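Colleague: Mind looking over this structure? Questions follow.
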Amino acid sequence: TLLPSMDELQLEDAILIVDRGFVSEEVLQGIFERNCSAIVPQRRNSTYFETRIHLKEKFLYHKRLIRGGKREIGGKFLYLFEDKDLELEEFKTLFKNVKMGDITENEAKSREKLAGRILFVSNVDKSPQEIYELYKTRDLVERFFDTLKNEVQADVLYLGDRSAVCGHLFVGFLCLYLYCKLQAVIKRAGLTSEYSPKDVLLIFSKVMRISYEGFDQITEVPKKVRELEKKLKLDLFPK
């Protein structure tokens, strides 16, 4: 159903980001034939993993060290990434599965070879870091709804009447709007791989404004807050 949907939508100036295992080789070719930009992750049993790709680039993504590489083959770009934190997590899972008898030791050893590795096939020519960060935005809308529900707490059910519920949802919507604006500020500053809106709010929360019977003062602004304010090109706190 993916290809007919693409024909109907006539996607232009967009990059299609697909979840792993969702696209067969036939569908992958269909996507590229439609001149649609796409980033398609591959399953661990994909033959694309047999292609040698040197991991020359290193970058941090939310405090995780990622090594990445890129290779062009037959008009396609292969992007390979190695995440050591993910590798360790997968090693632990494989060990537990062997202990429980779900897989054999030989199966575990075979899977360990690709543990922590992620491979994308794409027709988009960008740096490995740009491709990785683009892929990480695939569930952005879903995460914003999770933010509305969990962090903004817009699903409270104990409100007494309709007007209270509507008011609560409206305030929740405004909070989500500001959250998205903050996300845009972080992206514009090129800090997406380092900070989430929640991280920024937590750091800025160390500064307080005290108002009491005509007294109004802002507490001391820590150095870490000043540095982040400068990185984001904001002017929030008095010098």
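Colleague: Mind listing the phi-derived Karplus ³J(HN,Hα) values for the range 129-135, rounded to whole Hz, using 6.51, -1.76 and 1.60 with θ = phi - 60°, and x for any glycine or proline?
Modeller: For the range 129-135, the Karplus curve yields 5, 5, 5, 4, 5, 4, 4 Hz.
Colleague: Net charge within 13 Å of residue 55 by Cβ-Cβ distance, Lys/Arg positive one each and Asp/Glu negative one each, not counting residue 55 itself?
Modeller: +4
Colleague: Let me ask another. Let me check I have the definition right: for the chain, take the eigenvalues of the Cα gyration tensor, multiply each by 5, take square roots. What are those semi-axes in whole Å, largest first?
Modeller: Value: 40, 24, 22 Å, ordered largest first.
Colleague: Specify the longest stretch of the chain that does not include any exposed loop site, a site being one of the GluC sites (Glu not before Pro) with a non-H, G, I, E, B DSSP assignment and at most 11 other Cβ atoms within 10 Å.
Modeller: Answer from the scan: 13-212.
Colleague: Right, next: Could you calculate the contour length gain from residue 130 to residue 51, that is, 0.36 nm times the residue separation minus the distance between their Cα atoms, to one decimal place in nm?
Modeller: Answer, rounded to one decimal: 26.3 nm.
Colleague: Just to verify a number: FRET efficiency for residue 73 and residue 212, C-beta to C-beta distance, R0 = 41 Å, to 0.05?
Modeller: Rounded to the nearest 0.05, the efficiency is 0.05.
Colleague: Divide by every residue of the chain the summed helix terms, -39500 (n - 2.57) for each DSSP H run of at least 4, and state the resulting mean residue ellipticity at 222 nm, rounded to the nearest 500 deg cm²/dmol.
Modeller: -13000 deg cm²/dmol
Colleague: Next up: Ignoring the sites themselves, what is the longest stretch of the chain with no chymotrypsin sites (Phe, Trp or Tyr not before Pro) in a DSSP loop and at most 16 other beta-carbon atoms within 10 Å?
Modeller: No qualifying site falls inside 23-157, the longest such stretch.
Taken together, the values in this text are just the output of simple stated rules run on the coordinates, not laboratory data. What you are looking at is a predicted structure, and each value in this text was computed from that prediction instead of being measured. When we count neighbours, we look across all protein chains shown, and the Cβ atoms used for this are built from the backbone with ideal geometry, even at glycine.
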